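Heads up, the thing below is written out as structure tokens.
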Amino acid sequence: MLTRRAILQQAGKTATVLTTTTPWWLVRRAHAARQAKLVVWNPAALAPQVDKIMQEQCYAYAKQAGIKESEIDYQIIGGPQLVPKLVASLEAGNPPDITRLGGGYVQLYRSQGHLVEVTDLVNKMQKAQGGLFPVSMPSVMHQGKAYGVPQSVSPWPLVTRMDLLEAAKVEPPKTWEEFVEVCKKLQKPPKLTGFGLCLGLQNDTDNNVMNMIWCYGGKLVEADNKTVALHSRGTIAAVQLIADMFNKHKIIPKGSIAWDNTSNNKAYQSRQVIFVLNPTSIYAHLADSDKELYKVTGLLPVPAGPAGAVEELTTAEWLLFKHNPYPEVAKGLAEYWMAPENLKVMIEEGDGRWGPPYKNMYDSAFWKRPAFQHWRVMLERGRQFPAPGTTNSASGEVLATYVIGRMMHRVLVENWNVEKAVVEAHKKVAEIYARHQAG
């Protein structure tokens, strides 16, 4: 069996290996010299080994497809910078050929007429590795056609410093009330704070806060995808809990109101917080950056509230933009990245940065490691941002405009009454949903 070190040593050879591997599909070749580059904007994975493998695979595909390296514009872009850069590029009419996003952006940009239809590719993926998880489909499908390519499915566990809990002989908190007490007991401010909750105007904030809202019985929208339901006792209770964590219990760093999507990762990786709600980018990054912390990091279920325990479940998708004069080339790259043998290299050598969207890929020994012992439960009970509604263009706009994060800023920065802030956010969500339904 290959050791982790041996696998990483082989990663640099990935491109050479992949060019000689028989692909699962017929590689799409450009039939004429390209007059424009293949423009790829790949948001940083927050795990350098994953960024490296994905870039190697892109160039391996290009070699097979007859594309010169000089014809590729491959950029790794920080997550917080990607969406503003993409919005500007769409306004200017020159977006990338392909990028990766989650949280409803496929439906948002599909509704604006920007995306290439990729139904044939998604149908092909459904025939591989037991098919795709059903949760992957609402993000990409519209009226029976696919406008995005499922890339991953990821629960958001409670990333935990198990060594600190064990040293204090404290059991992992099973409820949010226990969680507050554990944080208060173990933290040593200002160097070590309990909960690295992202509270900036970022998607991590919206996802983290919505996760806690579910635990208290709240939700964004009903299952009919029309009835906005944010204003409720459950939402108010969850927002009040976060406000108390921030102001009363002081278990959330004060600077978190200005954090971006990388700040909570950095806070944990620099040993400044005990807990973070996040996908496994933190864990994957530690595999190379800090073996000691990697070994004592737990990926635990989220604590329960009055409505139970439930995890955020996010999907990510490849988006292909219509402006591209050679859309088949970008589609071929998406196929290459999502070929099971190539995806397995990226995910497993990348230490589980994401979960695969293919059902049978979880049968490997990698996913049976102790670190992932709770993964299947979280995958099965996890919810997406608009649950019990489904991902659509309206929920995509809610995420893209940070409505939930702005609600938290009303409370934490402007000292608004909690219910007043919830009511305002509810009205904003309702306006967005009404506009999309009218369109």
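The values are calculated or read from the model by the stated rules, or taken from the named source; none is laboratory data. Model, not experiment: these values are computed from the prediction. Positions of Cβ are generated from backbone atoms using ideal geometry, with glycine treated the same way; all protein chains shown enter the neighbour counts. Just so you know, the surface numbers come from the protein's heavy atoms only, side chains and all, with ligands and any DNA or RNA stripped out. Shrake-Rupley method; radii C 1.70, N 1.55, O 1.52, S 1.80 Å.
Numbers below:
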read-out	value
Among V239, W318, I282 - extreme Cα towards positive end, dipole of region 191-319, charges at beta-carbon	V239
At R0 = 25 Å, FRET efficiency that the Cβ-Cβ distance of T227 and L90 yields, to 0.05	0.25
Estimated FRET transfer efficiency when R0 is 45 angstrom, pair E69-Q272 (beta carbons, to 0.05)	0.65
Spin-label model distance (nm) - Q81 vs K420, 7 Å beyond Cα toward Cβ	3.9 nm
Prolate/oblate/rounded label for region 278-344 (Cα gyration tensor, a/c 1.5)	oblate
Extension gain, R376 back to V413 (0.36 nm per residue minus Cα-Cα distance, nm)	9.6 nm
Under Karplus coefficients 6.51, -1.76 and 1.60, residue-wise ³J(HN,Hα) of region 220-231 in Hz, glycine/proline x	7, 8, 6, 5, 6, 6, 10, 8, 5, 10, 4, 6
Per-residue ³J(HN,Hα) for region 67-72, Karplus 6.51 cos²θ - 1.76 cosθ + 1.60, θ = phi - 60°, Hz, x for Gly and Pro	9, 6, 4, 5, 9, 10
Anchor K188: lysines whose Cα lies under 19 Å away (excluding residues fewer than 8 positions away in-chain)	K169, K248, K250, K254, K266
Residue-span extension gain [T175 to H249] - 0.36 nm each, minus C-alpha spacing	25.0 nm
C-alpha long axis of helix 79-92 to longest principal axis of the chain, angle in °	60 degrees
Sites A438 and D163 - FRET efficiency at Förster radius 45 Å, r taken between beta-carbons, to 0.05	0.25
Highest-fluctuation residue, C215, C198, C58 considered, GNM on the chain with Cα pairs under 10 Å	C58
For the chain, calculated [θ]222 nm from helices alone, where every DSSP H run of n ≥ 4 adds -39500 (n - 2.57)	-12500 deg cm²/dmol
Spin-label proximity, R369 to region 282-302 - amide N less than 15 Å from point 7 Å beyond Cα toward beta carbon	282-300
Heavy-atom accessible surface of the chain: percent carbon and sulfur, 1.4 Å	53 percent
Read-out semi-axes √(5λ) of the Cα gyration tensor in Å, derived from the coordinates shown; its label in (i) 35, 27, 18; (ii) 29, 26, 23; (iii) 35, 28, 22	(i)
Principal-axis tilt of helix 340-349 within the chain, Cα atoms, nearest 10 degrees	50 degrees
Derived scalar couplings ³J(HN,Hα) [region 386-398; Karplus, 6.51 cos²θ - 1.76 cosθ + 1.60; whole Hz; x for Gly, Pro]	x, 4, x, x, 10, 5, 8, 5, 5, 5, x, 5, 4
Average accessible area per residue (Å²) across the chain - probe 1.4 Å, nucleic acids and ligands excluded	40 Å²
Degrees, to the nearest 10: 48-65 long Cα axis against longest axis of the chain	20 degrees
Accessible surface, 1.4 Å probe, highest first, among residues K37, K191	K191, K37
